[in-house]
Amino acid sequence: MRRRCSLCGGKLNGNICTECGLDNSKNDDQYVTLENSGHEESLTHVHTEEEKPYEGKTMTRENVRKAKNADKNAKKADAKKASAGNQRYNYTASSGQQASRPVKKKKKFGKFLAGFVIIAAFAGELGGTIIHEVQNYFEDYTYDDSDSYTEDDPYSDVQEVMPDDGEVYEADLTAGVYKGGVHIPQGTYTLTCKSGSGQVELIDSKNNIWVQYSFGDDYDNPEEEVSDFEVFPGCYVMVEDTLELHMTAENAQMNLTAIANPLTESKAVSDKFTVGKDVPAGVYDVKCVEGLGIFDYDVTVSAGYESYMGMLIGNEESGFPQELKNIVLIDGTEVDLEGLTVELTPSEWIESEEYESFYDNYY
C-alpha cells in the first residue's frame, strides 16, 4: 500500500501531505545552516539586518518556509511577552520599527481527528462504533518513519500515456514557475545543469507525481544528469536559486495552450503590496532592483489550503537569482518584500486570465 503521512495519516503527494502540508522526506540536516559553521543555527533566532541572515546559505523554498514560520513564531512570542508587561509592540527583523503582521492559522487534520474521537467517546455505544471504524481505517495503511524514504518509481501511479513520438525540443530554464503544456511542451526530458546551483521540483497531483533533484556545487551529492523526467500537461516545474537548467526531449508535443499576456505595464514595488489593490492580478516576471531576501507570498490552492510559494531573490551582487519567471499573482494575495525593491514585468505567455485556475493541479 502507498504510505501515508507520519503526522496525520493524510494522503501524500510525492512526500508532501495533502492534509497538513508536512514534507515527509525532510530531515533535520535540511534546515538552513551557515556555510562555515560547525553547527546548525537555531531557526527561532531573529536576525538583524547587520547579520545578513541569508549570506553563505544554501536555501530551498522549503527551508525558506520553515525560516519564515520560525521568525513569525519568535515575533509572536516577543509580542506576547510585551503584552504581559503592558507594552504592546512588535518589530520587523530588518528595521526595528513597530509593525503588525498577523499569523495565519491552518487547520490540522490530526487535531480534528483527535477532537472527533474524544467527542465520539462520550457518545456511548455509537461512539465506540465510530472509534472502531476509525481504527480500522488507519490499520489499512502502513507507515514508514524513515526521513530518507523515496519512492523507487515516482511515475508508478501515472494513468496518462506519454507519446513515444514528437519533436526535438530544448530549453534553458532559470528560477521561476513553469507549467506543463503552457510553458513547457509535454514530453520525456533529460535534465542537466548549464550553470549555477539549485533545485528543480516537479509537482503533478493529477498523476500523483512529486520529484525533486539538486544540481550544482552547493550540494553534497548533486545530480549530473537526470533522464526520464516526464512532463504532463498541467504539472508544475519549479526551478530555484541560481540554477540554469537545460532540458532536452525527443518526443515533445508542441501543442502549447499559452496565450499572450494582456498586461503590458511594468511597476516597481517595495516593502509589501496587495494584489488587486496595489498591482493588477496577473502573471509577472519579478526582477530585483535593490536588496536581497524573499519574494514572500502564499496561494490558496484548489484543495482549499494555503501553500507557501516564497522564493529567494536578490540584486546583482547578492549571489541570488535576480529574476523569477512566471509568478502568478491572484487577487487578494499579500506579498511581503521586506528589504527589497522589485520590478514586476508582465510575462510573455500565460495560461488564462482566470489566474486562480493556474493552481488547479497544485495540491
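Only the coordinates and a few stated rules stand behind these numbers; no lab work does. Computed from a prediction, not measured in an experiment: that's the story for all the values here. We place every Cβ from the backbone using ideal geometry, glycine too, and count neighbours over all the protein chains shown.
Scan the stretch 297-363 for GluC sites (Glu not before Pro) in coil per DSSP, keeping those whose Cβ has at most 11 other Cβ atoms within 10 Å, and list them by number.
Numbers: sites: 306, 316, 317, 323, 334, 338, 343, 348, 351, 353, 354, 356; in loops: 316, 317, 348, 351, 353, 354.
The qualifying sites are 316, 317, 354.
Let me make sure I get this right: for the stretch 199-335, a, b and c are the square roots of the gyration tensor eigenvalues over alpha carbons, sorted descending. Under 1.5 in a/c it's rounded, otherwise prolate if a/b > b/c, else oblate. Which is it?
The shape class here is oblate.
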* To do: Calculate the spin-label point distance for residue 155 paired with residue 270, positioning each point 7 Å from the Cα along the beta-carbon direction, and give it in nanometres.
  => 4.9
* When the stretch 259-359 is reduced to its Cα atoms, the Kirkwood hydrodynamic radius in Å -> 13.7
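Output the pairs from 194/287; 277/325; 194/325; 194/272; 272/325; 206/272 with a Cα-Cα distance over 25 Å in this structure; if there are none, say none.
Details: 194/287 21 Å; 277/325 22 Å; 194/325 17 Å; 194/272 33 Å; 272/325 19 Å; 206/272 34 Å.
Beyond 25 Å: 194/272; 206/272.
For a test of the definition: using alpha carbon positions, the gyration tensor, and the 1.5 limit on a/c, classify the stretch 147-219 as rounded, prolate or oblate. Intermediate results must be reported in sequence, preceding the final value.
Values: a/c = 1.89, a/b = 1.12, b/c = 1.69.
Oblate is the answer for the stretch 147-219, as a/c is 1.5 or above yet b/c matches or exceeds a/b.
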